[in-house]
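Okay, so here's the structure we're looking at.
The values are calculated or read from the model by the stated rules, or taken from the named source; none is laboratory data. Computed from a prediction, not measured in an experiment: that's the story for all the values here. Cβ atoms come from the backbone with ideal geometry, glycine included; neighbour counts cover every protein chain shown. Accessible surface areas use protein heavy atoms only, side chains included; no ligands, DNA or RNA. Shrake-Rupley method; radii C 1.70, N 1.55, O 1.52, S 1.80 Å.
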Amino acid sequence: MTSDDFSSARPSPRHDLEPSASATVSAGPGLGPTPVDLLRRLRARTAGDPVTHVERVPARPGVPAPWPPWAPPELRDAFARRGVAAPWRHQAEAATLAYDGGHVVVATGTASGKSMAYQLPALATLLADPRATVLYLAPTKALAADQLRAVAGLELEGVRPACYDGDTPRAEREWIRRHSRFVLTNPDMLHHGILPGHAQWSGFLRRLAYVVIDECHTYRGVFGSHVAHVLRRLRRQCARFGATPVFVLASATSGDPATAAGRLTGLPVTAVTEDASPRGGVTFALWEPPLLPPDSGASPPVPPQATGDHDDLHQVRRSALRETADLLADTVAEGVRTLAFVRSRKGAEVVAANARRALDDAVPGLGDRVAAYRGGYLREERRELERALLHGDLLGLASTNALELGVDLIGLDAVLICGYPGTRASLWQQAGRAGRSGQEALAVLVARDDPLDTYLVHHPEAIFGAPVEATVLDPANPYVLAPQLACAAVEAPLTSADLALFGDGAKEAIDELVAAGALRQRPTGWYWRHRERPEVDLRGEGGAPVCVVESATGRLLGTVDGGSSHFLLHPGAVYLHQGVSYVVDDLDLADGCALVHVEEPDWSTHARDVTDLSVVSVRSYVDAGPVGMFLGEVDVTSQVVSYQRRRIATGEVIDTRPLDLPTRELRTVAVWFTLSPQSLAAAGVQPADVPGALHAAEHAAIGLLPLMATCDRWDIGGLSTAVHPDTEAPTVFVYDGHPGGAGFAERAYGTASAWLRATRDAIAECGCEAGCPSCVQSPKCGNGNNPLSKPDAVRVLDVVLANLPA
Ligand SMILES: [Zn+2]
Ligand SMILES: [Zn+2]
């Protein structure tokens, strides 16, 4: 839309691009500058120094280990045929732990060969015991298909690996149940198909030796809590048939993987975390776009409709998209093969278009060597893209993270990451795209205007040190536990022996199911009373999803979870889907459907809500003098009452229109802190500034929570007030946005001082004067980011941190 003002947003004139000789010839291996030289040149071209940190991640030689003595020769030979001479040490260590009967999680980096850690013990067991079976679970069908190819490629006698999912033809299913000894599936199929049909699976389950859970860090939040109970139901059925399988899990690197894996499986799990696979060296730079001078006459920000990456708040930092486009143009001009990761599809197109224009201005025709990749291309088109990059016809590619999985690229010299991708696992996956064999590569993380990005570029230890972000789930969530117990009761009556298996809250949930008439208690246990099975969707969160339908064609564009639908799909809302702009005609809540039409108005829409919160109970608290820190249940009532239309180009408010939507209630888990008015006054916060101080602290705290737990700010809500009727004190609440809670608030409570310390530092270290989207402003604020007081937020957090035990 307004991307043509691209170059005018530069804070000061930059040198013209000076394409090096290598840009006009094919960029063969080794022709580009070294990463250190390249970075030096990129820095020199930008006014001020945007680089806050350079980490040299050294190349690491692999540490091989001998084959475990229990691995049979035919298995070693099979791996040798695939080019594996010996396992790396972490693979051998995890494999032996599992072979000896221990539950183990291997949590190491991308491409560290985690699959061999479970393939070794599982396949050795299948070869030694011709009756044994293995169940493999992946979060996606694509990954299961991938693993099927890997296992089948080993060509082992009698294993007969097979995928069993929604796509498996009926005719093949019975054969698989009877004859396959290595079944690959997903949690949804286990929940909907295998466990309800356990009688047909009894032969397989009776002999089940291993359960493999791949990419187990993806089982987080409410979905993860559901999967935790599906696994308990699996263990219960196995136990009925006399089997006690060993669980082997693979995870991305994260904080405390053993605890997360233990919560997921309900079993004691040992973690193997020391990565012994080889890796190339990377020079990793953290890059913070400069603040624009207030009188720069800066062009307006890239509109939210164009990118999905920004709200149209007053922008004081140069946008990460523009900065990334400049860097892409500069590296391509140097003849360096570069991949830029951008979070949205439209954003990737803006980056590519702007880089192309800058290159063509320097050398007409050079822009042709940059392209955008939006995901979803046909397989042939993807292969063509890979080929063009490999041969140097293309030098620069801007992509969404679809490329993380979809395209096989090797031999890139540099990776630009536009905005922190949310988790360290994704960050390293993207950075790991750089580096051809044995050569050093450059990775640059360009910070967006977001408190978490701001914090990370000023705290490199949070990226390069030991991970703190943990995979969080909460199997005790009553909204998950009760329906899962109902499913279990259909599979076999529940007995008091099952209570320990399903954990805290199981007895209460059963009592409620009895009271509701779903279960009947008999001397032998609790029985399901109905003819039909309960309908439980593992991935359903916050009420039924709302379908987005194009009125003219009846085409289903996608779904929005119930919790967000009032915000995103109210009548008149501008709704963005895969880069196309739609306007909502009607939201039918009874039918769970929103009708939209294609339209690209020159305004954006912003819903406003009113939220009320009451404390139901306190689960745990810390009494720290003038400060209190609490964890407990709360009721949140909210109503979307109006929306603003704002001019995209200027941010000017056109009008505010009322909405007639019902209130929504949410019983969930919250963390909250209180401060005495006296302690605030002593810290220099004037009474009139207390609301703005608490509100600013709340926004930043929500923005920083993803540092401690794998969530994003859209999973969490907040409320702050100068006096709350239930606490009778100035209070900041942060709550899980899902019924019953998903574990995020609990994690926040457990890491409160580290979390709020990071929040305080992110605000204090932001270079803006009065608060900006990089620190205390929030794109989802129901109050239009008003009031906010940046300096007082730091004072509030200082009082909390001074009193709270570390
Ligand atoms: Zn700021
Ligand atoms: Zn707010």
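Annotations for the structure displayed:
- Surface per residue (accessible, 1.4 Å probe) for the range 579-647, Å²: 44
- Per residue, the accessible area of the range 461-555 comes to 50 Å² when a 1.4 Å probe rolls over the protein heavy atoms.
- Cα shape, the range 481-565, gyration tensor, a/c 1.5 rule: prolate
- Here the range 116-211 is assigned +1 on the Cβ of each Lys and Arg and -1 on the Cβ of each Asp and Glu. Its dipole about the Cα centre then comes out at about 300 debye.
- Positive-end residue of LEU445, LEU395, ILE194, charge dipole of the chain with Cβ unit charges: ILE194
- Per-residue HN-Hα couplings for the range 76-87 [Karplus 6.51, -1.76, 1.60; θ = phi - 60°; Hz; x = Gly/Pro]: 4, 4, 4, 5, 4, 4, 8, x, 9, 7, 7, x
- For the range 742-797, with all protein chains in place and a probe radius of 1.4 Å, 42% of the accessible heavy-atom surface sits on carbon or sulfur.
- Centre-to-centre separation between the Cα atoms of the range 423-497 and those of the range 180-249: 22 Å.
- Per residue, the average separation of C-alpha pairs within less than 8 Å and at least 6 apart gives the range 467-571 a relative contact order of 20 percent.
- Accessible surface area normalised per residue over the range 58-158 is 43 Å², counting heavy atoms of protein chains with a 1.4 Å rolling probe.
- Sorted from greatest to least, the principal axis extents spanned by the alpha carbons of the range 390-536 come out as 72, 35, 29 Å.
- Taking amide hydrogens as placed 1.01 Å from N in the peptide plane, the amide H of GLY718 sits under 5 Å from those of TYR735, each at least 5 positions away in sequence or on another chain.
- Order by protection proxy (mean Cβ within 10 Å, highest first), peptides 789-797, 83-91, 446-454: 446-454, 789-797, 83-91
- Per the Debye formula on identical point scatterers at the alpha carbon atoms of the chain, with no solvent, log10 I(q)/I(0) at q = 0.04, 0.07 Å⁻¹ is -0.18, -0.57.
- The protection proxy used here, the mean number of other Cβ atoms lying within 10 Å of each residue, ranks peptides 135-141, 118-124 as follows, highest first: 118-124, 135-141.
- Within straight-line cross-link reach of LYS141, aspartates and glutamates at Cα separation under 15 Å, skipping those fewer than 8 residues along the same chain: ASP165, ASP167, ASP188, ASP214, GLU215
- Charge dipole of the chain about the Cα centre (unit charges at C-beta), most positive-ward option of TYR164, ALA431, SER679: TYR164
- Computed over the range 648-806, the P(r) tail beyond 18 angstrom holds 59 percent of alpha carbon pairs.
- Using θ = phi - 60° in the Karplus curve 6.51 cos²θ - 1.76 cosθ + 1.60, the 3J(HN,Hα) couplings for the range 41-54 round to 5, 5, 5, 5, 7, 10, 4, x, 10, x, 7, 8, 6, 10 Hz; x is entered for Gly and Pro.
- Based on DSSP H segments of at least four residues, each scored -39500 (n - 2.57), the chain has a per-residue ellipticity at 222 nm of -10000 deg cm²/dmol.
- The chain: relative contact order as a whole-number percent, Cα under 8 Å and 6+ apart: 12
- Charged-residue dipole, Cβ positions (Lys, Arg, Asp, Glu), the chain about Cα centre, Debye nearest 20: 2620
- Taken over the range 126-203, the convex hull of the Cα atoms encloses 85 Å³ per residue.
- Charge dipole (the chain, unit charges on Cβ, about Cα centre) - positive-most of THR668, TYR118, PRO61: TYR118
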